[in-house]
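For reference, the structure is listed below as structure tokens.
The values are calculated or read from the model by the stated rules, or taken from the named source; none is laboratory data. Remember, it's a predicted structure, so these values are computed and weren't measured experimentally. Cβ placement follows ideal geometry from the backbone for every residue including glycine, while neighbour counts extend to all protein chains displayed. Just so you know, the surface numbers come from the protein's heavy atoms only, side chains and all, with ligands and any DNA or RNA stripped out. Shrake-Rupley method; radii C 1.70, N 1.55, O 1.52, S 1.80 Å.
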Amino acid sequence: MSTEHIYQLIAIIIYMVAMLLIGWYAYRRTKNLTDYMLGGRSLGPAVTALSAGAADMSGWLLMGLPGAIYVAGLVEAWIAIGLTIGAYLNWLFVAPRLRVYTQISNDSITIPSYLENRLKDSTRILRIASGIIILVYFTFYVSSGFVAGGVFFESSFGTSYHFGLLIVGLVVITYTLFGGFLAVSYTDFVQGTMMFLALLLVPIVGVFITGGIAETAESIRAVDPTRLSLIQGATFLGVVSSLAWGLGYFGQPHIIVRFMAIKTVKETKEARRIGIGWMIFSLLGAIATALVGIAYFQQNPDLTLTDPEAIFIELGQIVFHPFIAGFMLAAILAAIMSTISSQLIVTSSALIEDLYKAVIKSDASDKQYVFLGRMAVLIVSLVAMAFAWAKTNTILKLVSFAWAGFGASFGPVILLSLYWKKITNIGAIAGMIVGAVTVMIWGNIDVLTGTIYEIVPGFILNLIVTIVVSLMTYKENPEISREFDETLRLLGEERS
């Protein structure tokens, strides 16, 4: 191993040890099931915002997006635009109401339990169906994270793919299993900060090496003038599909669960500003990294970039000392691990709080439930690692499929539950199933996938079915009306 790799490995080890220490700290603060699953609703605005952002972006922010921009230019930035709009609307319309409503409605600590309590579903079908959807789609999602971890070590240090997968799995499973939601949130905050700093430093320092902004732009035009255009090479349906990624935010359990955990509704406003600021600068940093990369390799034709998705890694190693470059690598690992851990804790919640506790045994002690939650993290991790072992699917394919699945299954139902008094449990069940099945079918038929992103038909059909079936089955429920009105009243008090 070269001296350069040794420096980088030391930085990676420091990062991983820090994550384990945070996990140990959170373990000491975890006393009951609400602590383990929701952090005792004690998160501040900064931790809420950055943990939501880090859980959201994954390795796509530091590898997928820069790689796409490097190959095709700014036309690939439409996904980033759609995500920013979707995230802002999610913070604005979902965060405050969900924080209040989940507490008003029997102090719900998971999305499935909130839907059951909000819609007074005594059949338990809604909660079980929600838990199963989370379990199925998150297994794919977690698997994509493990694939990314294996590829990261393989491409960065020349290790085997399976060795990298096992190392990432061991660390992230350990701190998630013991520290629960608090460990996930605190590590996400640190990881989000690392991602933010890395995405600012690499393009800022890189642009000095390429001769400044004007010289950099001229070098990009020398490669291909269309690389600086948002519309050259774009199609209408392609832009719609890219923007539609923003719809997914309303139904991502690992993101919106942060809204349930913040201390007060008032703090959601500050968290929104921090979160959207973090997101805009991080996305701009990722895009700028790709553009600086195009200019750098145009100016240095003797150098070649074999993998466009490694442009952030390559630039980091070019512009910084190997030890600092190691922390740039750690930022990529942070993006990957933050998403895995967030998804694991939500999947564990679905298994224990929404399936085991709701269906099998509801009278166990909190200590027993916390133990079972940890076992659930371990089991889901092992299953996801088994899927990832063969590396049969690309990271982006797994992520886009799971993102669409959650957005189309939960998004319309969450929005309607917060803003429409007449939504019913039968309407929600029907809509969720239609949304999930539509994504499952559409996403696996090439002719359909090639037309428009599967979240679009899934989201629209879910919305229509939920509204129509709810209107057909609606009966006034005084308890639902009371909670709905109480939520609006408390929102008004908090805001004033």
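For Asp485 and Lys397, the FRET efficiency from 1/(1 + (r/R0)^6), where r spans their Cβ atoms and R0 equals 35 Å, is about 0.20. Taking the longest Cα principal axis of the chain as reference, the axis of helix 366-389 is set at about 40 degrees. Evaluating 6.51 cos²θ - 1.76 cosθ + 1.60 at θ = phi - 60° for every residue in segment 76-82, the Karplus couplings come out as 7, 7, 4, 4, 4, 5, x Hz, glycine and proline recorded as x. In segment 220-261, the alpha-carbon atoms span a convex hull of 99 Å³ per residue. Computed over neighbours whose Cβ is under 15 Å from that of Ser282, the net charge equals -1, Lys and Arg +1, Asp and Glu -1. Taking every C-alpha pair closer than 8 Å and separated by at least 6 residues, the mean separation divided by the residue count of the chain gives a relative contact order of 31 percent. The candidates Glu454, Glu267, Glu493, arranged from most to least accessible area with a 1.4 Å probe in the full protein assembly, appear as Glu493, Glu267, Glu454. Computed from Cα positions, the angle between helix 213-223 and the longest principal axis of the chain comes to roughly 80 degrees. For segment 3-136, the per residue solvent-accessible surface stands at 34 Å², with DNA, RNA and ligands left out and a 1.4 Å probe. Please determine, in degrees from 0 to 90 and to the nearest 10, the orientation of helix 395-419 with respect to the longest principal axis defined by the Cα atoms of the chain, where the helix direction is its Cα long axis. Its long axis makes an angle of about 40 degrees.
Here's the list of lysines a cross-link from Lys421 could span, going by alpha-carbon distance under 24 Å and ignoring same-chain residues fewer than 8 apart: Lys120, Lys266, Lys475. Positive contributions from Lys and Arg (+1) and negative ones from Asp and Glu (-1), summed over other residues with Cβ under 12 Å from the Cβ of Leu115, come out at +1. If R0 is taken as 45 Å, the Cβ-Cβ distance between Ile204 and Val359 corresponds to a FRET efficiency of 0.25.
Applying the Karplus relation 6.51 cos²θ - 1.76 cosθ + 1.60 with θ = phi - 60° to segment 330-343 yields 3J(HN,Hα) values of 4, 5, 5, 4, 4, 4, 5, 6, 4, 6, 4, 5, 4, 5 Hz, where x marks Gly and Pro. Here the Karplus relation 6.51 cos²θ - 1.76 cosθ + 1.60, evaluated at θ = phi - 60°, turns the backbone of segment 157-168 into coupling constants of 10, x, 6, 6, 4, 5, 4, x, 4, 5, 5, 4 Hz, with x for every Gly and Pro. Dividing the summed helix terms, -39500 (n - 2.57) for each DSSP H run of n ≥ 4, by the number of residues in the chain produces a 222 nm estimate of -25500 deg cm²/dmol to the nearest 500.
The slack between Val447 and Leu230, meaning 0.36 nm per residue of separation minus the straight C-alpha distance, is 75.5 nm. Each Lys or Arg adds one and each Asp or Glu subtracts one; over the other residues with Cβ under 13 Å from the Cβ of Leu416, this totals +4.
Over segment 229-380, with the other protein chains present, what is the accessible area per residue in square angstrom, probe 1.4 angstrom?
Computed with neighbouring chains in place, this is 37 Å² per residue.
Think of each Lys and Arg Cβ as +1 and each Asp and Glu Cβ as -1; about the Cα centre, that makes the dipole of the chain roughly 1380 debye.
With a 1.4 Å probe and all protein chains left in place, how much of the accessible area of the chain comes from carbon and sulfur atoms, in whole percent?
Looking at the chain in its full context, I get 67 percent from C and S.
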